[in-house]
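A quick write-up on the structure given underneath.
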Amino acid sequence: MAAYLYRCPACGPWEVRRPIGTAQAEERCPSCGDTGRRVYTAPLLARTPAPLAAARSREEASADAPAVTTAVPPAPRRPVRRDPRWSALPRP
Ligand SMILES: [Zn+2]
């Protein structure tokens with residue numbers, strides 16, 4: 001079902017629910033019985049922020065096909081601590 005908007009010149013707009021594609025160009029006004037013309041409006045478009053849309057997309061993807069680890073990740077490299085006294089030693 002879709003909601004189609006019509007406007008009566010005397011009474012104003014009203015909404016008619018019908019199956020998609022069955023809207024008429026004119027409808028009878030429920031208040032006065034006069035004919036009202038169909039008004040074309042923008043469909044119900046959602047303007048979702050991009051970060052939220054990306055998070056929802058990742059959430060849906062992880063529900064169906066979660067990322068699977070196939071190998072052990074490499075160990076993090078430890079920083080080498082050098083003793084400052086070693087710099088005073090002779091080098092080969
Ligand atoms: Zn009317």
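The values are calculated or read from the model by the stated rules, or taken from the named source; none is laboratory data. Computed from a predicted model, the values in this text were never measured in an experiment. With ideal geometry, Cβ positions are generated from the backbone for all residues, glycine too; neighbour counts draw on all protein chains shown. Ligands, DNA and RNA are excluded from the accessible area calculation, which covers all protein heavy atoms including side chains. Shrake-Rupley method; radii C 1.70, N 1.55, O 1.52, S 1.80 Å.
Checking the structure you have, find out if any residue of the stretch 37-46 is at pLDDT 85 or above, surrounded by 10 or more Cβ atoms within 10 Å (Cβ to Cβ) and either touching a His at 6+ places or on another chain (Cβ under 8 Å) or of a type in the set (Gly, Ala, Ser) (or both).
Within the stretch 37-46, none of the residues are at pLDDT 85 or above, surrounded by 10 or more Cβ atoms within 10 Å (Cβ to Cβ) and either touching a His at 6+ places or on another chain (Cβ under 8 Å) or of a type in the set (Gly, Ala, Ser) (or both).
Mind listing whichever residues of the stretch 47-86 are more than 27 Å from the chain's Cα centre (by Cα) and open to solvent by less than 90 Å² (accessible area, probe 1.4 Å)?
71, 75, 83, listed by residue number.
Going by the conditions given, is residue 21 at positive phi and at pLDDT 90 or above?
On the way: at positive phi: yes; at pLDDT 90 or above: no.
No: the conditions fail for residue 21.
Can you tell me which residue within the stretch 37-92, out of those that are in a loop (DSSP other than H, G, I, E, B) and β-branched (Val, Ile, Thr), is farthest from residue 11 (Cα to Cα)?
Among residues in the stretch 37-92 that are in a loop (DSSP other than H, G, I, E, B) and β-branched (Val, Ile, Thr), the one farthest from residue 11 (Cα to Cα) is 80.
Condition check: open to solvent by less than 80 Å² (accessible area, probe 1.4 Å) and touching a Leu at 6+ places or on another chain (Cβ under 6 Å). Does residue 16 satisfy that?
No.
Note down all Cβ pairs under 7 Å where the first residue falls in the stretch 17-36 and is part of a strand (DSSP E or B) and within 16 Å of the ligand (Cβ to nearest atom), the second is small (Gly, Ala, Ser) and open to solvent by less than 90 Å² (accessible area, probe 1.4 Å), and they're at least six residues apart or on different chains.
26/36; 27/36
Scan the stretch 37-57 for residues that are of a type in the set (Val, Ile, Thr) and away from the ligand (no atom under 16 Å from the Cβ) and jot them down.
41, 48
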